[in-house]
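**Student:** Pasting a structure below so you can have a look.
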Amino acid sequence: MTSTSSSTTTAGARRPQGGPPRLLATWLQTGRADLAAHLSVHGPVPLPRHVGPAWATGLVEDVGAAGLTGRGGAGFPTSRKLAAAIAGRRPLLAVNALEGEPASRKDVTLLVHAPHLVLDGAALVAAAVGAPQIAVCVADDCPEGTAAVETALAERSRTGVGGPPARLARPPGRYVSGEESALVAWLAGGPARPRFRPTKGVPLTIGRRTVLVHSAETLANVALIARHGPDWFRSAGVPEAPGTCLVTVSGAVAAPVVREVELGTPLSSIVEGAGAGAPFGAVLVGGYGGSWVRPGLLDTPYAPGPLAAVGGAVGAGVIGVLAPDACGVAETARIAAYMADESAGQCGPCVFGLRAVADDLVRLTRGEGDGKLVSRLRRRLQDVDGRGACRHPDGAARLVRSALEVFARDVEAHARHRPCAAWKRSPILPVPRPAADVVRGRR
Amino acid sequence: MPTDRPPTTLHLRVDPVACEAFGYCAELAPELVSLDEWGYPVVDDRPVVPQLDGVVWRAVKECPRRALFVEQRARSAW
Amino acid sequence: MTAATSSQLLWYTTRATGVVALVLLTGSVVLGVLTSVRFGTAGWPRFTFQDLHRRVSLLSVVFVALHVVTTVTDSFAPIGWLSALVPFTSPYRRLWLGLGTASVDVLLAVTVSSLLRRWVSTRTWRALHWLAYASWPLAIVHGLGTGTDPHLRWMVLLTVACVATVLGAVGWRVVAGWPVMAGRRVAVSSVGLVAVVALAAWTITGPLRPGWAARAGTPRALLAGARVASTPSTHTGRPSPSSSTVPTTAPAAASFPSPPYQASLTGTITQRPLSASTVEVDIATRTSGALDALVHVVITGTGDGAGGVAMQQSEATFGPPGAPSRYRGRIVELEGTHMVLALTGPTGAVLELRLDLSISGGDLTGQLRSIADARSAGGPR
């Protein structure tokens, strides 16, 4: 289920004006996602017959001028990544459509409703960096995404659409498999576990071949920028955060929904537009490694800068809404348990620390904690931060820390063995088993 | 500047994947490494002072999993 | 005599370094386990055990090297450099020596990979180091199988002590960290216990029984032989004489007469202590006349302090000079200097010989006579 980009504005502040849908245009205009429909809406992919360095540089400059940043969660400037790849050896291009977040459905939405935009972007980037092959990575527990990609690839090979050969790859659908180095590790033939990268700048490799990883949504945006140019791209969003992005709104809504929104739209508009009725409780922003935003701050624009000011980030485009009377502590405890379950198991602080934090949070939720629980929690959150090979424990720590702040009153009540009534209710934010049962049931 | 400090600084770091909590680093370089409640090293990230060079290299050499290493960084302005 | 002395020195050194190497290897295994279980005290931090483990391991390698070098350069037993590195290629006790060679090979691999640790991937190094666990049992069985001292009480006790220590260490390793990988731990424990029981059973029925040297594959030429070139008060420490006094062997007598036998004997008798109470009497004789044969009898028993021996065990061989162990058996009757030997031949034929000896100092003379005909192999009388 999708809807158009929001454009509600409030008098005074400069708000995004809205415009026609971009990423989901084909679907919204034709109701189809096949190649013919895609071509009728977007036209052919602007890939020249002979790709030269001038063209490649031009593409990178356009992407840079457009200000596109990675839509997979890191938010790194895409043009910088492309430039580095061009300067290095010819890499393998991996399209990351893994969507490890349980509360996210944007990747599968993109694959099902706009696969050719993603594949166009992949073809353009592959041509620019000289990639001999493209690996389109879809989680092995996502049959719709897999089917959509297979169909799209078949269509393109039949009609001979340009670009290097692309194949479907199906890594396991765990939380950390979508982490860049974990994905590359899996493509190299090993388990999908993140690698320790002592120096950030060093490219990921499989043997002697470097790998360039881009999120599916980022590539779809590249395909649009290549057609319409950077100025067009900047006509949506805000100057510091141009363009649109996909967000998945779930929780206290009628049903989880994926929306394409302009960056800079206030959180409240996004949430209202998804069918959640005011008043809202706190909102989880970014993903399960993101942070809570308190109800009073929901007019914060959805963009990296403003969100950072309230301790949040765009992340993987996940927005989880709580009802005002929900138990944020219980929700956080479940998510923490999930994050502990999803540890790759490689680093002691993550394995033991996240488990200990989750266990303490469950005790806190049930009102069974001891007097030192909260201080112990804070100490462990600090211990866990930054001591893993990847950012997984950092994200979990960030989420719990924000919970201790945003739900401070609840935390105090729970700590004094007076938990709210709501902790026994069903989970609001989607958490897979067994973490979903951890607060109420037995593990 | 009167001092002739080198343009890079050395920092002790641990590879958390390789580390298996033997704890030799905390025994050999207690000035820089302490153990968390699960026995894993918490490494001081600040530049290593020259007096601790020997201690650092011994700790790096003795780690049974070769998890400890020394990283060179450009000296930050502050 | 010089050849005999230097050969003796090498022989002693081989045995001594072998024993020391075994003890050090045992120590190395124990220290390795202590490292794995992260053992440490206030006075002995954990890293010291890794350091000790390395040093003891290197020391054991030194002693193993000495052991190998002295074995190879000793001309007594036909063990060459090839057999020192390639298992199961030596004509001397092929299987049991080969196990020692295998142990050395494993030790070599582990040592080299550890010295070059920086350039070896952790996975490779770890695989080789797990293999190192095999080096120790190989050495134990090798020691029991090739050693000529297994029947020495202290040697048996030492082996038992080494096995017990390693069992304890491995037990600790299995228990520490339980129940992680419980299945593997249970498997290891079961295999270990079965192995120890099997080892004990094999040791009791194998090396500790008389005649092991022959059964273990000692070349014929070294087993029985002619005179022992020493007086009763000294001993070569070998159950068989040094190579310098082995007579040139006549070609295997195709025409060894069949019983009845009667011949006169000449030879030597020596006695040496095995422990505080046990002595070994070695009688090596040769017949003269129509029958040309070697008779070799070894009696083990408690000395009565007056030069006599109360027999507990005996080994006897009889055969032509080219095949001195053709008939093998033991003493079934012993009275003073008169004895009856019960021997079995290669086809299973049973032979009984009566020896009447007279002893003068270290020399003896006597008469040999066969008793009755071959009987069916129905067991001893």
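The values are calculated or read from the model by the stated rules, or taken from the named source; none is laboratory data. Bear in mind the structure is a predicted one, so any value in this text is a computation, not a measurement. Note that each Cβ is placed from the backbone with ideal geometry, even for glycine, and that neighbours are counted across all protein chains shown. Remember, those area values only see protein heavy atoms, side chains included, never the ligands or the DNA or RNA. Shrake-Rupley method; radii C 1.70, N 1.55, O 1.52, S 1.80 Å.
**Student:** So residue C:323 ticks every box in (1) under 20 Å from residue C:364 (Cα atoms); (2) open to solvent by less than 40 Å² (accessible area, probe 1.4 Å); (3) of a type outside the set (Lys, Arg); (4) touching a residue at least 60 places away in the same chain (Cβ under 8 Å) but one. Which box is left unticked?
**Tutor:** Only one criterion in (1) under 20 Å from residue C:364 (Cα atoms); (2) open to solvent by less than 40 Å² (accessible area, probe 1.4 Å); (3) of a type outside the set (Lys, Arg); (4) touching a residue at least 60 places away in the same chain (Cβ under 8 Å) is unmet by residue C:323, namely (1).
**Student:** I'd like to know if segment C:14-26 contains one or more residues that are over 21 Å from residue C:154 (Cβ atoms) and touching a residue at least 24 places away in the same chain (Cβ under 8 Å).
**Tutor:** Within segment C:14-26, the subset over 21 Å from residue C:154 (Cβ atoms) is none.
No; the residues of segment C:14-26 include none that is over 21 Å from residue C:154 (Cβ atoms) and touching a residue at least 24 places away in the same chain (Cβ under 8 Å).
**Student:** Before we move on, is residue A:351 touching a residue at least 12 places away in the same chain (Cβ under 8 Å), in the same structural domain as residue A:420 (by TED's automatic domain parsing) and out of contact with any Lys or Arg (no Cβ under 7 Å at 6 or more places or on another chain)?
**Tutor:** In short, no.
**Student:** Moving to a separate point now. What tally of residues in segment A:264-297 results from selecting those that are of a type in the set (A, V, I, L, M) and open to solvent by 10 Å² or more (accessible area, probe 1.4 Å)?
**Tutor:** Within segment A:264-297, residues that are of a type in the set (A, V, I, L, M) and open to solvent by 10 Å² or more (accessible area, probe 1.4 Å) number 3.
**Student:** Being within 9 Å of another protein chain (Cβ to nearest Cβ) and either at pLDDT below 95 or surrounded by 15 or more Cβ atoms within 10 Å (Cβ to Cβ) (or both) is the requirement here; does residue B:21 meet it? Spell out how you get there, then give the answer.
**Tutor:** On the way: within 9 Å of another protein chain (Cβ to nearest Cβ): yes; either at pLDDT below 95 or surrounded by 15 or more Cβ atoms within 10 Å (Cβ to Cβ) (or both): yes.
Spelling it out, residue B:21 is indeed within 9 Å of another protein chain (Cβ to nearest Cβ) and either at pLDDT below 95 or surrounded by 15 or more Cβ atoms within 10 Å (Cβ to Cβ) (or both).
**Student:** Out of curiosity, is residue C:17 away from chain B (no Cβ under 14 Å) and at pLDDT below 95? Walk me through it before giving the result.
**Tutor:** Values: away from chain B (no Cβ under 14 Å): yes; at pLDDT below 95: yes.
Yes; evaluated as a whole, the condition is true for this residue.
**Student:** For segment C:102-127, what are the residues that are under 18 Å from residue C:68 (Cα atoms), without any contact (Cβ under 8 Å) to a residue 24 or more places away in the chain and open to solvent by less than 70 Å² (accessible area, probe 1.4 Å)?
**Tutor:** Result: C:105, C:109.
**Student:** Sticking with this structure for a sec: Which of (1) surrounded by fewer than 16 Cβ atoms within 10 Å (Cβ to Cβ); (2) modelled with pLDDT of 90 or more is the odd one out, the single condition residue C:318 does not satisfy?
**Tutor:** For residue C:318, the exception is condition (1).
**Student:** Test residue C:248 against the criterion of being loosely packed, with under 14 Cβ neighbours inside 10 Å and modelled with pLDDT under 50, and give yes or no. If you could, list the steps in order and put the result at the bottom.
**Tutor:** Numbers: loosely packed, with under 14 Cβ neighbours inside 10 Å: yes; modelled with pLDDT under 50: yes.
Against the criterion (loosely packed, with under 14 Cβ neighbours inside 10 Å and modelled with pLDDT under 50), residue C:248 qualifies.
Matching residues to (1) within 14 Å of another protein chain (Cβ to nearest Cβ); (2) surrounded by fewer than 19 Cβ atoms within 10 Å (Cβ to Cβ); (3) more than 12 Å from residue A:344 (Cα to Cα):
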{"residue": "A:168", "(1), (2), (3)": "no, yes, yes"}
{"residue": "A:175", "(1), (2), (3)": "no, no, no"}
{"residue": "A:179", "(1), (2), (3)": "yes, no, no"}
{"residue": "A:182", "(1), (2), (3)": "yes, no, no"}
{"residue": "A:186", "(1), (2), (3)": "no, no, yes"}
{"residue": "A:193", "(1), (2), (3)": "yes, no, no"}
{"residue": "A:200", "(1), (2), (3)": "yes, yes, yes"}
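**Student:** Continuing with this model, one more query. Among (1) assigned to a helix (DSSP H, G or I); (2) under 29 Å from residue A:350 (Cβ atoms); (3) open to solvent by 40 Å² or more (accessible area, probe 1.4 Å), where does residue A:74 come up short?
**Tutor:** Every condition holds for residue A:74 apart from (1).
**Student:** Quick one: which of A:135, A:65, A:103 is over 20 Å from residue A:314 (Cβ atoms), open to solvent by less than 20 Å² (accessible area, probe 1.4 Å) and in contact (Cβ under 8 Å) with a residue 24 or more places away in the chain? Break it down stepwise before answering.
**Tutor:** Working: A:65 fails: open to solvent by less than 20 Å² (accessible area, probe 1.4 Å); A:103 fails: over 20 Å from residue A:314 (Cβ atoms).
After applying the criteria, what remains is A:135.
**Student:** Additional query: If the requirement is being surrounded by 15 or more Cβ atoms within 10 Å (Cβ to Cβ), outside the structural domain of residue C:154 (by TED's automatic domain parsing) and at pLDDT 85 or above, which of these qualifies: C:309, C:279, C:350?
**Tutor:** Exactly one of C:309, C:279, C:350 is surrounded by 15 or more Cβ atoms within 10 Å (Cβ to Cβ), outside the structural domain of residue C:154 (by TED's automatic domain parsing) and at pLDDT 85 or above, namely C:279.
**Student:** Which condition number does residue A:172 fail, the rest of (1) outside any helix (DSSP H, G or I); (2) within 24 Å of residue A:86 (Cα to Cα); (3) at pLDDT 95 or above being met?
**Tutor:** Here residue A:172 clears every test but (2).
**Student:** Within segment C:53-100, track down each residue that is among the hydroxyl-bearing types (Ser, Thr, Tyr), more than 20 Å from residue C:212 (Cβ to Cβ) and touching a residue at least 60 places away in the same chain (Cβ under 8 Å).
**Tutor:** C:70, C:73, C:75
One line per residue, one yes/no per condition, for (1) part of a helix (DSSP H, G or I); (2) more than 26 Å from residue C:14 (Cα to Cα); (3) within 14 Å of chain B (Cβ to nearest Cβ):
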residue	(1), (2), (3)
C:35	yes, yes, yes
C:40	no, yes, yes
C:55	yes, no, yes
C:79	no, no, no
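**Student:** Follow-up. Are any of the residues in segment C:40-52 out of contact with any Lys or Arg (no Cβ under 9 Å at 6 or more places or on another chain), touching a residue at least 12 places away in the same chain (Cβ under 8 Å) and among the acidic types (Asp, Glu)?
**Tutor:** no
**Student:** Please work out if residue A:164 is at pLDDT below 95, open to solvent by less than 40 Å² (accessible area, probe 1.4 Å), at negative phi and not in a strand (DSSP E or B).
**Tutor:** Working: at pLDDT below 95: yes; open to solvent by less than 40 Å² (accessible area, probe 1.4 Å): yes; at negative phi: yes; not in a strand (DSSP E or B): yes.
Against the criterion (at pLDDT below 95, open to solvent by less than 40 Å² (accessible area, probe 1.4 Å), at negative phi and not in a strand (DSSP E or B)), residue A:164 qualifies.
**Student:** Say we look at segment C:253-271 and pick out the residues that are touching a Pro at 6+ places or on another chain (Cβ under 8 Å) and open to solvent by 20 Å² or more (accessible area, probe 1.4 Å); which of these is modelled with the lowest pLDDT? Steps first, answer last, please.
**Tutor:** Within segment C:253-271, the first condition is being touching a Pro at 6+ places or on another chain (Cβ under 8 Å), and the residues that meet it are C:253, C:256, C:269-271.
Subset that is open to solvent by 20 Å² or more (accessible area, probe 1.4 Å): C:253, C:256, C:269, C:271.
Values: C:253: 43, C:256: 71, C:269: 89, C:271: 86.
Result: C:253.
**Student:** Could you please let me know if residue A:316 is touching a residue at least 60 places away in the same chain (Cβ under 8 Å) and within 14 Å of another protein chain (Cβ to nearest Cβ)? Break it down into steps so the answer makes sense when it comes.
**Tutor:** Details: touching a residue at least 60 places away in the same chain (Cβ under 8 Å): yes; within 14 Å of another protein chain (Cβ to nearest Cβ): no.
So residue A:316 does not fit the description; no.
**Student:** Looking at segment B:24-75 only, could you name the residues that are within 14 Å of chain A (Cβ to nearest Cβ) and under 9 Å from the mean Cα position of the chain (by Cα)?
**Tutor:** Passing the criteria: B:25, B:33, B:43, B:44, B:45, B:60, B:68, B:69, B:70, B:71.
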